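Some notes on the structure that comes next.
The values are calculated or read from the model by the stated rules, or taken from the named source; none is laboratory data. Here the structure is a predicted model, which means the values were calculated and not measured. Backbone-built Cβ (ideal geometry, glycine too); neighbour counts: all protein chains shown.
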Amino acid sequence: MPEDGSAAYILAEKIAAKGPITLSEYMSVANAAYYAAKDPLGEEGDFITAPEISQMFGELVGIWLSDLWLRKGRPDHVHYVELGPGRGTLASDALRTMERFDYNPDIHFVETSPVLKAKQAALHSGAVWHDDITDLPTNGPLMVVANEFFDALPIEQFAVTAQGLQRQLVGREHGKFVSVTDTQTDGDRVSQATGGLPPGAILETSPASGALLEQLSGQIAKQGGVILIIDYGYDRPGTGSTLQAVKSHKSISPFDSPGTSDLTAHVNFHSLANIARTRLLSVHGPVDQGQWLKALGIDQRMAKLAQNSPDKAEAVRTAHRRLTNVDEMGRLFRVMAACAMDWPDPEGFGSGKG
Ligand code: SAH
């Protein structure tokens with residue numbers, strides 16, 4: 001048995017008690033333990049994110065939010081809401097930039113990790129923290145930012161089999177966690193239709209992401225504002241498992257050590273866009289992160305920073321390349337915005353309104 005009280009122990013106990021569990025349950029127990037235990041960001045951690053690579057990222061998010069707010073006519077009671085703010089770096093860079101436009105929204109962070117909450121509090125003493133999105137303010141526009149948040153939310157997988165579509169569960173064999181196919185055949189859980197896909201194909205859904213975006217979109221439609229989602233993911237429905245685990249910047253099996261590695265899945269932007277549309281938001285993108293950052297002026301910002309601090313010029317150029325190059329974060333990362341209908345079209349998406 002794994003160590004007492006660890007995520008692996010809790011998961012093994014659950015499986016011993018009631019048999020294989022859903023992938024969503026596995027992922028949420030593992031990730032809650034993982035994020036509660038440590039700050040995983042940075043070169044010395046498990047992975048690095050765009051705001052940790054360069055201040056340019058948060059600054060451009062700040063300019064983007066300011067532009068939208070200014071063109072909407074500077075509404076009052078605006079709330080900056082960040083989902084999973086990590087170390088609070090993106091918020092710092094964005095809010096500092098917004099201040100230059102006299103745009104000083106209230107700050108709301110949706111965060112579950114005590115370790116990261118403490119880091120955020122050190123930078124943002126006036127922020128209000130929320131464990132989830134159920135108690136966000138109801139009295140003004142919400143400007144919601146989610147960078148590398150949706151990829152951490154639990155997913156479900158379904159396999160195409162000769163019997164139809166079957167849910168993949170997590171069980172235990174020989175002291176290890178393994179993926180097992182649910183053999184129950186009640187109508188809700190297994191579909192006979194396989195859409196002509198070959199046996200073995202895997203389909204993913206993220207009910208948790210869908211429910212969260214549906215609720216937020218409803219609130220934005222009513223109160224005004226926007227949600228900006230930046231993450232790695234795909235624009236068209238596809239097949240194949242995207243579940244992955246990362247530890248010390250290396251990819252490991254998602255079933256090896258739950259709770260001590262970062263479990264993520266690619267974000268299905270196609271599905272998120274549809275959900276926002278059904279809640280009457282106007283959807284923009286998704287577009288490549290590189291394209292979006294360039295449209296907002298990252299080249300000019302890089303030149304300015306390099307000119308102001310010649311000793312840092314090389315580092316700034318390297319960061320620019322990491323954020324925008326198609327071989328690095330520039331293409332795999334997608335940017336999508338969903339706005340209240342009576343708000344202006346946001347910058348950076350060309351004519352990509354959907
Ligand atoms: N946005 C930050 C951090 C990304 S890591 C950045 O770009 O650097 C994912 C973040 O989401 C962490 O802050 C983590 O604690 C938080 N998180 C993960 N699952 C969560 C959940 N279910 N509810 C709230 N926050 C969550």
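Filtering the range 121-133 to residues that are part of a loop (DSSP other than H, G, I, E, B), exposed (fewer than 12 other Cβ atoms within 10 Å of the Cβ) and either at positive phi or more than 19 Å from the chain's Cα centre (by Cα) (or both) leaves S125, G126. Of the strands (runs of 3 or more DSSP E) lying entirely inside the range 198-299, those containing at least 2 residues that are under 14 Å from the mean Cα position of the chain (by Cα) span 225-234, 262-264.
Just name the residue that is farthest from the ligand (Cβ to nearest atom) out of those in the range 13-52 that are hydroxyl-bearing (S, T, Y) and within 17 Å of the chain's Cα centre (by Cα). Of everything passing the filter in the range 13-52, S24 is farthest from the ligand (Cβ to nearest atom). Taken across the range 149-162, residues that are under 30 Å from L70 (Cβ atoms), under 16 Å from the mean Cα position of the chain (by Cα) and not in a loop (DSSP other than H, G, I, E, B) do occur, with at least one present.
For the range 334-346, the condition holds for no residue, the condition being that it is of a type in the set (V, I, T), part of a helix (DSSP H, G or I) and in contact with a strand residue (DSSP E or B) (Cβ under 9 Å, 6 or more places away or on another chain). Among residues of the range 265-292 that are within 16 Å of Q215 (Cβ to Cβ), those with a Cβ under 8 angstrom from a residue that is aromatic (F, W, Y), sequence gap 6+ or separate chain, pair up as L272/F150.
Listed by first and then second residue, the pairs linking a residue in the range 233-246 that is closer than 17 Å to D288 by Cβ to a residue that is modelled with pLDDT of 95 or more and in a strand (DSSP E or B), with Cβ atoms under 6 Å apart and 6 or more places separating them unless they lie on different chains, are G233/V267; G233/R334; D235/P286. With respect to (1) closer than 15 Å to G62 by Cβ; (2) more than 9 Å from the ligand (Cβ to nearest atom); (3) in contact (Cβ under 8 Å) with a residue 24 or more places away in the chain; (4) not hydroxyl-bearing (S, T, Y), the lone exception for A122 is condition (1). Candidates are the residues of the range 63-89 that are within 18 Å of G348 (Cα to Cα) and either among the aliphatic types (A, V, I, L, M) or under 18 Å from the mean Cα position of the chain (by Cα) (or both); the one that is surrounded by the most Cβ atoms within 10 Å (Cβ to Cβ) is L65. Show the residue pairs that are 6+ apart or on different chains and have beta-carbon atoms under 7 Å apart, the first residue being within the range 49-70 and of a type in the set (V, I, T), the second being away from the ligand (no atom under 15 Å from the Cβ). From the range 49-70, the pairs are I63/T97; I63/L296.
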